[in-house]
Structure formats: structure tokens, C-alpha cells
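To start, the structure under review is shown below, and the notes come after it.
Nothing in this text is a laboratory measurement; each read-out follows from the coordinates by a stated rule. Since this is a predicted model, take the numbers as computed values, not measurements. Using ideal geometry, Cβ is built from the backbone for each residue, glycine included, and neighbour counts are taken over all protein chains shown.
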Amino acid sequence: MGSIRVGVPAPDFTLRSQSGEEVTLSKLRDKRVVLFFYPKDETPGCTAEACSFRDQYDVFAEKGAEVIGISADSEQSHARFAAKNRLQMTLLSDPDGAVRTLYGVKATLGLFPGRVTFVIDREGVVRHVFSSQLFATKHVDEALKALDQMA
């Protein structure tokens, strides 16, 4: 399956969060969703990206957006990562990469899980896609710009 593009419905999924609860995308229809796929907990780029989302978390909330991070790390790894970095957002564990594959998030250089952010509207339609392995913190700016354009 190819990458998910702007204008298509976001594929539904259910994954477990850092607190062990199941999160289903379609149950968040009353909110906008900023879904960011990142390579790995505790790596420099991913920590910078997650902390940038943390630092703007209130702005996302004001815009009616739920911020959700997804990587292959375990629920326990996510819990440690969130506690260490004071992350308020939900982090979901995609251990076999099924949701990453569903969204067409490709590996960089065939080695590193890709870093892609999707902004999804209240109807569950993808409104913005941003992919950049190197510019981790730019994902926050791109998502905020997309939310402003949806207003």
C-alpha cells in the first residue's frame, strides 16, 4: 500500500498507550488529531520532536487537536520516555509496525523507521502530511500551520 495522501480518510486502528489503555482513532472523531510517527524513544531527534510537541501542547489543545505519537517501542518504554520528558501526549505502541505500514510510513535509507506527521480533521480525513527525518522539530510548526488553515 502506498502512502496516505491529503483528502483520503485516515485508516482506523487500535493500539495500546503508555498507560496500557486501548486507543482507537475513530473514537476521536470529535477532535482534530495530530498523529506523529517517530523512530524511537530516547533518541536525540525523537526526544527533540516529542519535547517540541510537549512545549506547544496547550496550543494544540486550544485548536481542538489531540496529539498522538506512534513508534514500535513498548508501552513500558513509552511510559519511561513520557515520564522522563514530562510528555502530556498519548504515545502508542505499534510493536509489529502494522499501523506504520497502514499509513505508508517508509523507512529512511531502508534502516530507520520514518518520521511522518498526519493532521486529521474531525471527519477523519487527512488534511496535511509532513515527512522529514532530519527536521524533527519542524513537524510541530507544520502541524500548527495545517490546523490554522483548517480553522
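Placing dummy labels 7 Å off each Cα toward the beta-carbon, the span from L102 to K84 is 2.8 nm. In this label model, R122 and D55 are separated by 3.1 nm, measuring between points 7 Å along each Cα→Cβ vector. DSSP assigns beta bridges within the stretch 14-150; of those with both partners inside it, close to 60 percent run antiparallel. Pop the C-beta distance of V6 and S74 into the FRET formula with R0 = 41 Å and round what comes out to the nearest 0.05. E between V6 and S74, to the nearest 0.05, is 0.85.
When log10 I(q)/I(0) by the Debye sum over Cα atoms at q = 0.11, 0.15, 0.20 Å⁻¹ is calculated for this entry, the matching label among (i) -0.48, -0.78, -1.16; (ii) -0.35, -0.68, -1.35; (iii) -0.41, -0.77, -1.43 is (ii).
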